[in-house]
């Protein structure tokens with residue numbers, strides 16, 4: 001199970017898509033003491049690979065994922081340190097959040113469709129928010145995204161149907177299609193299979209592997225077996241004594257599971273802590 005990514009050549013030079021340097025995320029208003037959710041994380045995400053963020057609940061995995069997409073802008077969260085997508089400094093004063101989100105797509109734990117919109121309108125909603133109005137372009141983009149999400153053949157004759165009438169697995173693939181429609185460089189997935197049955201989960205996993213040939217994917221998961229099945233690299237997060245999340249170890253998934261360098265990683269992947 002640990003060597004099922006034969007398309008990845010050992011020793012090949014890796015181009016880095018996302019770089020985190022000394023990233024700390026804290027919550028709370030200025031007048032109140034801040035709670036540190038995750039502290040001093042430095043991590044690289046190679047281009048066109050799947051990186052799994054692994055660890056128990058509350059250890060900062062989703063916090064890190066959301067920081068890449070500047071989703072803490074809408075909360076009391078404060079991000080310090082440096083995050084870069086390629087050469088783009090995500091938190092530079094001159095960087096507009098909208099620019100970041102044209103380069104990064106995100107899919108959440110449960111399908112977050114627009115419930116009153118059709119399948120088609122859900123897929124192209126991001127493009128419309130970016131000012132795209134030409135119907136021919138929207139139709140082409142919707143078909144391309146739905147094909148990438150392995151959903152086109154199932155829905156091509158019912159694009160006007162309410163999206164909420166799709167099955168749970170199809171709804172999650174529709175959310176992936178919506179993220180892909182804006183042609184992002186990076187796709188962030190927050191436990192995309194946790195609410196799905198095994199068959200739907202297997203289809204999402206197969207889709208993730210296919211997409212990683214041309215899109216960088218960062219995926220939060222609690223599922224060790226899922227990480228070994230589909231990720232190229234894994235980063236393990238755990239809680240410190242002060243209840244702040246910390247990055248314990250990161251590396252190629254095969255190496256991390258077979259020969260972890262940190263005893264805490266070994267304890268976690270063997271089920272002794274977590």
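Only one of these is modelled with pLDDT of 95 or more and farther than 30 Å from residue 14 by Cβ: 128, 158, 178. Name it. So that I can check it myself, show each step before the final result.
Working: 128 fails: modelled with pLDDT of 95 or more; 178 fails: farther than 30 Å from residue 14 by Cβ.
Of the residues listed, the single one that is modelled with pLDDT of 95 or more and farther than 30 Å from residue 14 by Cβ is 158.
Can you list the helices (runs of 4 or more DSSP H) lying wholly within the range 190-274 that have 1 or more residues being in contact with a strand residue (DSSP E or B) (Cβ under 8 Å, 6 or more places away or on another chain), on the phi > 0 side of the Ramachandran plot and at pLDDT 95 or above? Please lay out each step first, then the result.
On the way: elements: 198-211, 224-230, 253-258, 263-269.
Counting at least 1 such residues, we get no helices (runs of 4 or more DSSP H) at all.
How many of the residues in the range 16-32 are surrounded by fewer than 16 Cβ atoms within 10 Å (Cβ to Cβ), at pLDDT below 95 and in contact with a strand residue (DSSP E or B) (Cβ under 7 Å, 6 or more places away or on another chain)?
Qualifying residue count for the region: 2.
Out of the range 212-229, which residues are under 27 Å from residue 141 (Cα atoms) and more than 12 Å from the chain's Cα centre (by Cα)?
213, 214, listed by residue number.
Considering only the range 157-172, state which residues are touching a helix residue (DSSP H, G or I) at 6+ places or on another chain (Cβ under 8 Å), assigned to a helix (DSSP H, G or I) and free of Cβ contacts under 8 Å to residues at least 40 places away in the same chain.
Result: 169, 170.
Yes/no per residue for (1) at pLDDT 90 or above; (2) under 24 Å from residue 265 (Cα atoms); (3) under 20 Å from the mean Cα position of the chain (by Cα):
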{"site": "34", "(1), (2), (3)": "no, no, no"}
{"site": "60", "(1), (2), (3)": "yes, yes, yes"}
{"site": "74", "(1), (2), (3)": "no, no, yes"}
{"site": "84", "(1), (2), (3)": "yes, no, yes"}
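Which one is surrounded by the most Cβ atoms within 10 Å (Cβ to Cβ) among residues in the range 261-274 that are under 12 Å from residue 224 (Cβ atoms) and without any contact (Cβ under 8 Å) to a residue 12 or more places away in the chain? Show your work before the answer.
Going residue by residue through the range 261-274, those that are under 12 Å from residue 224 (Cβ atoms) are 265, 268-271, 274.
Those still in the list that are without any contact (Cβ under 8 Å) to a residue 12 or more places away in the chain too: 270-271.
Working: 270: 12, 271: 8.
That would be 270.
For residue 183, are the conditions met, namely being surrounded by fewer than 20 Cβ atoms within 10 Å (Cβ to Cβ), on the phi > 0 side of the Ramachandran plot and without any contact (Cβ under 8 Å) to a residue 60 or more places away in the chain? Give the derivation first.
Details: surrounded by fewer than 20 Cβ atoms within 10 Å (Cβ to Cβ): yes; on the phi > 0 side of the Ramachandran plot: yes; without any contact (Cβ under 8 Å) to a residue 60 or more places away in the chain: yes.
Yes, satisfied.
Going by what's in this entry, would residue 125 be described as touching a helix residue (DSSP H, G or I) at 6+ places or on another chain (Cβ under 8 Å) and over 25 Å from residue 62 (Cα atoms)? Give the steps one after another, and end with the answer.
Details: touching a helix residue (DSSP H, G or I) at 6+ places or on another chain (Cβ under 8 Å): yes; over 25 Å from residue 62 (Cα atoms): no.
It is false that residue 125 is touching a helix residue (DSSP H, G or I) at 6+ places or on another chain (Cβ under 8 Å) and over 25 Å from residue 62 (Cα atoms).
What are the residues in the range 207-227 that are within 23 Å of residue 264 (Cα to Cα) and crowded, with 21+ Cβ neighbours inside 10 Å, if any? Spell out how you get there, then give the answer.
Taking the range 207-227 and keeping what is within 23 Å of residue 264 (Cα to Cα), we get 218-227.
218, 219, 220, 221, 226, 227 - these are the residues of the range 207-227 that are within 23 Å of residue 264 (Cα to Cα) and crowded, with 21+ Cβ neighbours inside 10 Å.
The values are calculated or read from the model by the stated rules, or taken from the named source; none is laboratory data. None of these values were measured; they are calculated from a predicted model. All Cβ positions, glycine included, derive from the backbone under ideal geometry; neighbour counts span all protein chains shown.
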